[in-house]
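Since the structure comes first, as structure tokens, the remarks are kept for the end.
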Amino acid sequence: MPLAYHIFVCNNQKTEVGSDVAKALKIALKKQGLKNFVTGGKKHQARVQTCNCLDVCKHCKKGPGAALVIYPEGTFYGKVKPADAAELVQEHIGAGRVVERLAL
């Protein structure tokens with residue numbers, strides 16, 4: 001099944017926060033029915049995984065959240081908290097809109 005979206009969450013500086021954000025994103029994708037979906041008659045998948053470093057530390061190192069990037073667009077978000085996961089999934093994955101308040 002091809003990946004429609006691949007979300008990488010940094011957990012290099014803040015392992016716990018990054019892991020919590022990744023977990024919240026996975027839950028939101030599943031709850032909103034966007035983990036596996038059909039579009040254009042083809043099955044697609046959205047995948048979330050943690051990664052070591054996205055090289056955007058200056059945007060989140062001292063803040064309360066984590067950095068992440070969503071592909072295929074390559075959109076970077078910063079200071080993302082677990083509470084932001086549902087909105088990110090609904091807006092970016094579901095509606096194709098950038099969540100400006102978190103965008104880098």
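Residues G65, G78: which one is touching a His at 6+ places or on another chain (Cβ under 6 Å), buried (at least 17 other Cβ atoms within 10 Å of the Cβ) and on the phi < 0 side of the Ramachandran plot?
Going through G65, G78 in turn, just one is touching a His at 6+ places or on another chain (Cβ under 6 Å), buried (at least 17 other Cβ atoms within 10 Å of the Cβ) and on the phi < 0 side of the Ramachandran plot: G78.
Can you tell me which condition R97 does not meet? The list is (1) touching a residue at least 12 places away in the same chain (Cβ under 8 Å); (2) in contact with a helix residue (DSSP H, G or I) (Cβ under 8 Å, 6 or more places away or on another chain); (3) exposed (fewer than 15 other Cβ atoms within 10 Å of the Cβ), and all the others hold.
The one condition R97 does not meet is (1).
Of these, V21, V56, which one is crowded, with 18+ Cβ neighbours inside 10 Å, of a type outside the set (S, T, N, Q) and touching a strand residue (DSSP E or B) at 6+ places or on another chain (Cβ under 7 Å)?
Testing whether each residue is crowded, with 18+ Cβ neighbours inside 10 Å, of a type outside the set (S, T, N, Q) and touching a strand residue (DSSP E or B) at 6+ places or on another chain (Cβ under 7 Å) leaves just V21.
A short reminder: the numbers here are calculations on the coordinates, not readings from a lab. Being a predicted model, the structure only gives us computed values, none of them experimental. With ideal geometry, Cβ positions are generated from the backbone for all residues, glycine too; neighbour counts draw on all protein chains shown.
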